[in-house]
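Below: one structure, written as C-alpha cells.
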Amino acid sequence: MDENPIKSEIPGQTDGNSHSENNASVTDDVQSLWHELRELNYMHFRLAALEAQQAGTSFVVMIVAGIMTAIVLTVAWLGLLAIVILVLSEYGILTDYMLLILLTVVLNLLLTLVLWGVIRSKSYNLRFPTTLRSLRSMSLASRHREES
C-alpha cells in the first residue's frame, strides 16, 4: 500500500490545508499591520512629546524675554530720561522738556521692537510644525490610497 494519499485531480477542488494556510497568512498580515500601526502611533506620540518639550522651552524663553523686556523698558526709561534731560538741558541744546521725553520714548520703543522679534521667532515652535506636517502627509497618503 502506498503511504502517500492520492490528491484529487479535479481542477476546482482544493484541500483543507491550503485554506488554513491562507487564514494563517491573512492573520499574519493583520498582525503585521497592527504592529506597524502601533509603531506608527508610537512614533507620532514620541514626535508630539519632543515638540511639546521644544514648545515648553520656547515658552519659557518667551516668558523670560517678556520679563527682561519689562525690566529693560523700566530701567531704560528712567536712565535715558534722566541722562538725556540733564545733558541736553545742561548744554542748552534743547530746553523743551517735551522733546526730551519724546526722544527717550523713541529709543525705548526701538529696544522693545528688538525683543518683540525674539518673542515672535520663538512662537513658531508653539505650533508643533513637524507633527502637523507628518499628520498631513499621512492624511494625503491615505487619500491617495482611497482614490486608487
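FYI, it's all coordinate maths here, none of it is from the lab. Here the structure is a predicted model, which is why all the values come from computation and not from measurement. So basically every Cβ, Gly included, is an ideal-geometry build from the backbone, and we count neighbours across all protein chains shown.
Worth a mention:
- Matching label, P(r) over Cα pairs in 5 Å bins from 0, in percent computed from the structure shown, candidates (1) 2, 9, 11, 11, 10, 11, 15, 15, 10, 5, 2, 0, 0; (2) 2, 7, 9, 9, 8, 7, 7, 6, 6, 5, 5, 5, 4, 4, 3, 3, 2, 2, 2, 2, 1, 1, 1, 1, 0, 0; (3) 2, 8, 17, 20, 19, 15, 10, 6, 3, 1, 1, 0: (2)
- FRET efficiency, Asn41 to Tyr124 (Cβ-Cβ, R0 25 Å, nearest 0.05): 0.45
- Max mean-square fluctuation residue, GNM over the chain, Cα-Cα springs under 10 Å, options Arg127, Arg136, Arg46: Arg136
- Counting neighbouring Cβ atoms within 10 Å and putting the fewest first, the residues Thr95, Thr57 line up as Thr95, Thr57.
- Nearest-ten-degree value, helix 129-147 long axis tilted from longest Cα axis of the chain: 30 degrees
- Radius 13 Å from Cβ of Thr131, net charge of other residues (Lys, Arg +1; Asp, Glu -1): +3
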